[in-house]
Amino acid sequence: MSFRSVVLLIVLTALSLSGLAAAQDIGSVAIPELQFNPPAVDRFVLGNGLIVHFYPDTSLPVVSLDAMFHLGEVYVPLDKAGLAELCGAVLRSGGTTKTPADQFNEKLDFVGASIHSSAGTESGEVRLRTLKKDLDLSLSLLSEMLLSPAFDNTKFEIAVENKLEEIRRENDEPNAVTRREFYKKMFPSHPYGMPATASTVSSITLPELAEFYKRFYRPDNCVMALSGDLTRSEAESLMNQYFGSWSSKGEVAAKTPALKESETGVYYVPRDMNQSHLRIGHVGIDRKNEDRYAVQVMNFILGGGGFMSRMTNRIRVQEGLAYTVGTNFYMMDESGSFYAYCQTKSESTCKAIELILDVMRTFISEGATDRELEVAKNSILNSDVFNYATPDQIAYQEAQLEFQGFPPGQLKRRIEAIKAVSLADVKRVAQAYLHPDSMIFVVVGNDKAFDKPLSEFGAVKTLQIE
Amino acid sequence: MFWFLVSFFALVSAAAAETSDIKLDVKEHVLSNGMTLVLVERHTAPVFYSMMYFKVGSANEVGGNIGSAHLLEHMMFKGTRKIGTSNWDKESALMDIEDRLYDKLYRLKGDMEDERVRRSIAGSNVSDDSSQMKVVLDSIVQIETALNDVIVPNQLEELYTENGGYDFNAHTGYDITSYQVAFPKNRLELIMMVEAERLRHPVFREFYSERDVVAEERRLSVDTQAPAKLFEQLIATTFVAHPYQIFWEWGSEVADLTRGEISDFFKTYYAPNRTVLAIVGDIDANETIKMAEKYFGDIPAQAPPKRIESVEPVQNGEKRVEVVFDAEPAIEIAYHKTAFDDPEDAVFNVITAILSRGRTSRFYKGLVEGKRLALAVDVSQFPWGDVGTLYPNVLVIDAQPKAPATVEQLEAAVYEELEKLKTTPVDSLELEKIKNNLVSDFIWGLYDGLGLADRLAQSQTIAGDWKYLGFLRERMSSVTAADIMRVARQYFTKENRTVAVLVPAKKES
């Protein structure tokens, strides 16, 4: 058993109001210095390898538990896409060998407690929220679910039907279509890009679900975040009581295929509507990339910082062409994506794309200004205290960093790394990680009403969506 | 100045006894101009959450100013005479010219349209003389270029963001408009001053480009979204007289709103006597009241605006509407119901929970898992609010059939569940579950500072008293099986409902 405490000191300094020269009396308001010690999170490991991050808080009689698992579609063959998601859903809906599904639900709902389970591309999550007085009931149900789920056949059928209906409805929502087609081109023949389809979901069997469960829902593949109205010794004894007998069998399977080259180009999806939905970008960085914090600051200035970003200022505020516009670096275990997104009336589709490209190119060649860098860093550092706003967040954040493979002390390193980002760093990572000349463009809309032909940006391939 | 120490559990069931030691300490204070503060000290994290509510929403858009409440919400982020400009006097003069030019532009457009109609009736060729128009458009470009030299864009957002502002947003409702911000605790006085400045001297700069942003928001949130398109028609069909009938501004009217109209709307409805400021967090309540007196105290109160006189007439028969859209089928059903102050409103809250809350709800167990007809069946109230709405609203059932089930099958199954409420008393365990959930909701509701500030401000604004939240809970916990049967029989009738069906557009082949 090991114990680790994280203590770091963040001093949120008074901000320079240089940008507010005209607002003298506002600049005159004193901002007291705020010294904030991020709370320490306890950590212990059960004999079966289960890691628990624990944060006590007695202000309310509640307990929260979040469990993270290394699992997901990345461990599933492409022709079975959706298996992880279904397993996560039926783990919860299918009841346990002791408590049939309907009784399981009645017991939880009766006291207003909740257990959720979901699984995605490369992780699965299980979440419990309960009043302290119902903790034994809630933990015993959660323990049954994780240790001896029943995978009831009817509930499995319902989950499959529901997933098929969701797939049928996917094309109703233009943003969902834009996102899906974008990732298919970015990560072809890989679970990062290839979604579940009617045929992959229909081929999934109940024994495959049970097998998936056995491989991945195990204590040595899990990190938990526990918080609330408990002492450390109560926490440890409860975790041992309910999860101590949970054992790991067999080997965790290897991940499926290696990443392939993106299929860059201009893709158009016809849809009869008065607005175009755009997503433009390319492969980004994985979450262990050493430049991730410099990239965070760079992206804040480019398109991640809301009204402080160049994208929003140029396209929304100055031109009135969009309600939401911005950029994002989405980071995953093995890779990541960079994209700009925007929705604009059909008649300004190409103008919006031109502006996005222009903002990117100018930023790459000129970099940021002193003031932009100052605003970005102040914003990130001053709002950092919101990472510690609730007990469940405090525990979750620590647990997640360990789950993602970061060494202890990452929170402190994150603050230091943000503080250290220089103008030269911003320019360097903009040049290294933004590639406006080699991108995937996905445009969903009605090209008859576009201001110019999309071919301005390259040969257009039309994607027919059923 | 008043102190309130209230336990919401006095009348709640046995399960609540174990948690009756949880209290919500709220400090309430009314400034001399009528602005109300509702404060909760919570020292668990060095932050505060602020919710500012104004008693105005799109229901107040009476008399041809549809879209005003929403456009005003956007304009409130454009700064003040001190924030957002490098030269307020010069900017103010330029904005006057800009307004006159746009006014001229509208008149010209109107004249040209009249002329076009006149000529086409007369059979003569339509040849627009647009030279005058060009002069005006060129002048607009010139003025806006000059304005860009004095405007400091996004300065308010910069101030919020750089100071660690978190989750800042605004929402235009039907009875209310709300502004939310959260900051590290050491920014409290700064934010008080800025918020007061926004109420004292807001400047609606970049007005004409922001109108385009609002139009784009409609395309994003309604025009391209099947559920919203369907819902818009459901509501427009349900209400014939009451201004709740407009789900979202239709779009065309916004292009005609002027800066002068928005300024008038602001002056009338954002008066301090219609303002509630709720703050939850690591604050000292007495110090916060002193700051509020200092910064907001001298903003003058305003005479109350025109009341909403339209009363929705009783519906005398089922109404149905179809929306053809490129999407899978869906159905939405609305029943007229009560306003917040009707005791039956609490019964509807309990019915909503029985029908749709969680996996053990009747719709989920019966239609999603039991008959396997639906992907989802949700129940909500429109307009929605934690304490209800100022005027009678509707209960909405929203369902998506799961193929091969049809909308017709699903609709029939929904009515079957509603009939059960009329004929069979809800059993005591089911009612006890709802009451237990009231307790756990209350406790978890204290966990989230922003949500708590929101509910307190909402209750104070709609009901005139933040304690109404507790009264409503008590009302809900005393709802009986007989109450549910009586209300179901009275309201879930064919005559009282409106049904909207989404019909998939035929695909071009």
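The values are calculated or read from the model by the stated rules, or taken from the named source; none is laboratory data. Quick caveat: nothing in here was measured; it's all calculated off a predicted structure. Backbone-built Cβ (ideal geometry, glycine too); neighbour counts: all protein chains shown. Accessible surface is based on the protein model in full, side chains and every heavy atom, while ligands, DNA and RNA are left aside. Shrake-Rupley method; radii C 1.70, N 1.55, O 1.52, S 1.80 Å.
Look through B:Ala334, B:Ala303 and report the one residue that is touching a residue at least 12 places away in the same chain (Cβ under 8 Å) and either more than 27 Å from B:Trp384 (Cβ to Cβ) or of a type outside the set (Val, Ile, Thr) (or both).
B:Ala334
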Checklist outcome for this item: Residue hits (region B:322-348; more than 14 Å from chain A (Cβ to nearest Cβ), surrounded by fewer than 19 Cβ atoms within 10 Å (Cβ to Cβ) and under 30 Å from A:Met273 (Cα atoms)) are B:Glu322
Next on the checklist: I need the full set of residues from region B:349-373 which are more than 9 Å from chain A (Cβ to nearest Cβ) and among the aliphatic types (A, V, I, L, M), in order please.
Outcome noted: B:Val350, B:Ile351, B:Ala353, B:Ile354, B:Leu355, B:Leu367, B:Leu373
Item to check | Restricting region B:155-214 to residues that are hydroxyl-bearing (Ser, Thr, Tyr) and under 19 Å from the mean Cα position of the chain (by Cα), the residue that is farthest from the other protein chains (Cβ to nearest Cβ) | outcome: B:Tyr174
Item to check | region B:273-297, residues that are assigned to a loop (DSSP other than H, G, I, E, B) and either within 14 Å of another protein chain (Cβ to nearest Cβ) or within 30 Å of B:Val407 (Cβ to Cβ) (or both) | outcome: B:Asp282, B:Ile283, B:Asp284
Item to check | Which listed residue, of B:Asp149, B:Asp167, B:Asp138, is more than 22 Å from B:Leu71 (Cβ to Cβ), assigned to a strand (DSSP E or B), charged (D, E, K, R) and open to solvent by 10 Å² or more (accessible area, probe 1.4 Å) | outcome: B:Asp167
Item to check | Only listed residue being hydrophobic (A, V, I, L, M, F, W, C), open to solvent by 10 Å² or more (accessible area, probe 1.4 Å) and in contact (Cβ under 8 Å) with a residue 40 or more places away in the chain, chosen from B:Val479, B:Val503, B:Val499, B:Val487 | outcome: B:Val503
Next on the checklist: Condition (residue is without any contact (Cβ under 8 Å) to a residue 24 or more places away in the chain and among the charged types (D, E, K, R)) applied to region A:378-395: is it met by at least one residue?
Outcome noted: no
Checklist entry - When you scan region B:22-67, how many residues do you find that are away from every other protein chain (no Cβ under 13 Å) and touching a Gly at 6+ places or on another chain (Cβ under 6 Å)? => result 2
Next on the checklist: If I filter region B:176-184 for residues that are touching a residue at least 60 places away in the same chain (Cβ under 8 Å), part of a helix (DSSP H, G or I) and open to solvent by 10 Å² or more (accessible area, probe 1.4 Å), do I get at least one hit?
Outcome noted: no
Item to check | A:Thr344 being without any contact (Cβ under 8 Å) to a residue 40 or more places away in the chain and within 13 Å of another protein chain (Cβ to nearest Cβ) | outcome: no
Next on the checklist: Return the residues of region B:38-59 that are under 30 Å from B:Pro305 (Cα atoms) and not hydroxyl-bearing (Ser, Thr, Tyr); say none if nothing qualifies.
Outcome noted: B:Val38, B:Leu39, B:Met51, B:Met52, B:Phe54, B:Lys55, B:Val56, B:Gly57, B:Ala59
Checklist entry - Inside region B:260-279, can you point out the residues that are of a type in the set (D, E, K, R) and either modelled with pLDDT of 95 or more or surrounded by 19 or more Cβ atoms within 10 Å (Cβ to Cβ) (or both)? => result B:Arg274
Checklist entry - What is the number of the single condition among (1) open to solvent by 40 Å² or more (accessible area, probe 1.4 Å); (2) facing another protein chain (nearest Cβ under 10 Å) that B:Ser440 does not meet? => result (1)
Item to check | Checking A:Leu60 against (1) assigned to a loop (DSSP other than H, G, I, E, B); (2) hydrophobic (A, V, I, L, M, F, W, C); (3) under 19 Å from the mean Cα position of the chain (by Cα), the condition it does not meet | outcome: (3)
Checklist entry - For B:Pro404, all conditions in the list (1) open to solvent by 50 Å² or more (accessible area, probe 1.4 Å); (2) assigned to a helix (DSSP H, G or I) hold save one; what is the number of the exception? => result (2)
Next on the checklist: Within region A:277-299, does at least one residue satisfy the condition of being within 14 Å of chain B (Cβ to nearest Cβ), touching a residue at least 40 places away in the same chain (Cβ under 8 Å) and over 27 Å from A:Val375 (Cα atoms)?
Outcome noted: yes
Checklist entry - Which of the residues that make up region B:266-291 are under 18 Å from B:Ile308 (Cβ atoms) and either without any contact (Cβ under 8 Å) to a residue 12 or more places away in the chain or under 17 Å from the mean Cα position of the chain (by Cα) (or both)? => result B:Tyr269, B:Tyr270, B:Arg274
Item to check | Test for B:Glu293: is it open to solvent by less than 10 Å² (accessible area, probe 1.4 Å) and charged (D, E, K, R) | outcome: no
Next on the checklist: Please determine whether any residue of region B:389-397 is touching a residue at least 40 places away in the same chain (Cβ under 8 Å), touching a helix residue (DSSP H, G or I) at 6+ places or on another chain (Cβ under 8 Å) and surrounded by fewer than 16 Cβ atoms within 10 Å (Cβ to Cβ).
Outcome noted: no
Checklist entry - Given the residues A:Ala101, A:Ala84, A:Ala89, which is the only one that is within 30 Å of B:Phe442 (Cβ to Cβ) and open to solvent by less than 20 Å² (accessible area, probe 1.4 Å)? => result A:Ala101
Next on the checklist: Please determine whether any residue of region B:117-137 is in contact (Cβ under 8 Å) with a residue 12 or more places away in the chain and polar (S, T, N, Q).
Outcome noted: yes
Checklist entry - Any residue at all in region B:213-236 that is at pLDDT below 95 and either closer than 28 Å to B:Asp298 by Cβ or among the basic types (Lys, Arg) (or both)? => result yes
Checklist entry - What helices (runs of 4 or more DSSP H) lie completely within region A:107-211 and have 3 or more residues being open to solvent by 30 Å² or more (accessible area, probe 1.4 Å), over 30 Å from A:Asn240 (Cβ atoms) and modelled with pLDDT of 95 or more? => result A:153-169, A:174-186, A:198-202
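Please specify each residue of region A:96-126 satisfying the condition of being under 22 Å from the mean Cα position of the chain (by Cα) and within 13 Å of another protein chain (Cβ to nearest Cβ).
If the condition is that a residue be under 22 Å from the mean Cα position of the chain (by Cα) and within 13 Å of another protein chain (Cβ to nearest Cβ), then A:Ser114, A:Ile115, A:His116, A:Ser117 are the ones that fit.
Against the definition (open to solvent by 30 Å² or more (accessible area, probe 1.4 Å), touching a Ser or Thr at 6+ places or on another chain (Cβ under 7 Å) and not in a helix (DSSP H, G or I)), how does B:Asp378 come out, yes or no? Step through it out loud before you land on a result.
Numbers: open to solvent by 30 Å² or more (accessible area, probe 1.4 Å): yes; touching a Ser or Thr at 6+ places or on another chain (Cβ under 7 Å): yes; not in a helix (DSSP H, G or I): yes.
Here the answer is yes, as B:Asp378 does meet what is asked.
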Checklist entry - How about region B:374-385: which of its residues are more than 8 Å from chain A (Cβ to nearest Cβ) and either in contact with a helix residue (DSSP H, G or I) (Cβ under 6 Å, 6 or more places away or on another chain) or more than 15 Å from B:Ala413 (Cα to Cα) (or both)? => result B:Ala374, B:Val377, B:Asp378, B:Val379, B:Ser380, B:Gln381, B:Phe382, B:Pro383, B:Trp384, B:Gly385
Checklist entry - Pick from region A:229-254 the residues that are touching a Gly at 6+ places or on another chain (Cβ under 9 Å) and in a loop (DSSP other than H, G, I, E, B): which of them is farthest from A:Leu83 (Cα to Cα)? => result A:Gly244
